[in-house]
Amino acid sequence: MEKLIVANWKMNGELSKVNADLGYYAHLPETNKPNVILALPYLYIVWAKQKLLVNSHIKIAAQDLSHYRNCGAYTGKINGSMLKDAGVDYVIIGHSERRTLMGENGAILIHKVRNAFDSNLVPILCVGEPLSAREDGSYLQFVELQLSGLEEIEQMKEIIIAYEPCWSIGTGKVATLEQIAEVIAFINRYMQKRFNYAKITLLYGGSVTSQNAGEILNIPSVGGVLVGGASLKVADFTAICEQI
């Protein structure tokens, strides 16, 4: 199984950093190139695609898209067709920061997944439990509830599910290999039972570093990692890519 390394820059970077970092990645020897997906801020997507990653193996993801499908009077929103037109292939949906800080709920997220499919984008749907659910033992039920909205999708296409326990995002607290393996196996069973005709890839995200990436990538059914803070440093991110 080919592994994916998804770099989520979040609200970070400036044009000089985009030029320097992506210029470096684009010129890596072919043997050092895993399946890298860069989730850049909207502002830098077209620049990166047209100026730095021409004919590159590196793919571009957006960090979100609107739940409104069609163009219209939705100030500040960007829909799937606009992202596709800009050269985007993937889109992150339901990251824990958006669920927590922006109050995104299941209904909105399912609209976003549909819109991604309609625009031929591959959704990277993030799921994961808060610390309270982990501590009271309801974490699998919590994740199942987050996944259950997908059953409203009439025809599931290629989808990536990223397990990111909320309590490990940006905290330096990393789930144990056993904890990751348990939830990844649960998600895999859930998705295969309901959507066994679809191409499904499972990722882990949550304080991924060059020190733990190798062990995480060796967990059964883990198809890659979603990297946050470590993706902002070329040396750290390159070290993670070398774990493939």
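Couple of notes before you dig in:
- Taking the numbered list (1) surrounded by fewer than 19 Cβ atoms within 10 Å (Cβ to Cβ); (2) more than 26 Å from Trp167 (Cβ to Cβ) in turn, Lys10 passes all entries but (2).
- Listed here are the helices (runs of 4 or more DSSP H) enclosed by the range 85-204 that have at least 1 residues being touching a residue at least 24 places away in the same chain (Cβ under 8 Å) and under 18 Å from the mean Cα position of the chain (by Cα): 96-101, 106-118, 139-148, 177-195.
- Unique residue being more than 22 Å from His111 (Cβ to Cβ), surrounded by 13 or more Cβ atoms within 10 Å (Cβ to Cβ) and in contact with a Leu (Cβ under 9 Å, 6 or more places away or on another chain) when the list is Glu182, Glu164: Glu182
- Scope the range 205-216; condition surrounded by 20 or more Cβ atoms within 10 Å (Cβ to Cβ) and either in contact (Cβ under 8 Å) with a residue 40 or more places away in the chain or part of a helix (DSSP H, G or I) (or both); matching residues: Gly205, Gly206, Ala213, Ile216
- Test result for Val222, modelled with pLDDT under 95, more than 30 Å from Ser16 (Cα to Cα) and either touching a helix residue (DSSP H, G or I) at 6+ places or on another chain (Cβ under 8 Å) or part of a helix (DSSP H, G or I) (or both): no
- Residues located in the range 69-84, provided they are of a type outside the set (Gly, Ala, Ser) and either part of a helix (DSSP H, G or I) or touching a residue at least 12 places away in the same chain (Cβ under 8 Å) (or both): Arg69, Ile78, Asn79, Met82, Leu83, Lys84
- Of Leu22, Leu65, Leu28, all but one fail to be modelled with pLDDT of 95 or more, outside any strand (DSSP E or B) and among the aliphatic types (A, V, I, L, M); the exception is Leu65.
- Some residue of the range 90-107 being surrounded by fewer than 19 Cβ atoms within 10 Å (Cβ to Cβ) and touching a strand residue (DSSP E or B) at 6+ places or on another chain (Cβ under 6 Å): no
- When the range 34-56 is filtered for residues that are touching a helix residue (DSSP H, G or I) at 6+ places or on another chain (Cβ under 8 Å) and in a loop (DSSP other than H, G, I, E, B), the ones remaining, listed by number, are Pro34, Leu40, Leu53, Ser56.
The values are calculated or read from the model by the stated rules, or taken from the named source; none is laboratory data. Keep in mind that this is a model prediction, so the values were computed, not measured. Glycine also receives a Cβ, built like all others from the backbone with ideal geometry; neighbour counts cover every protein chain displayed.
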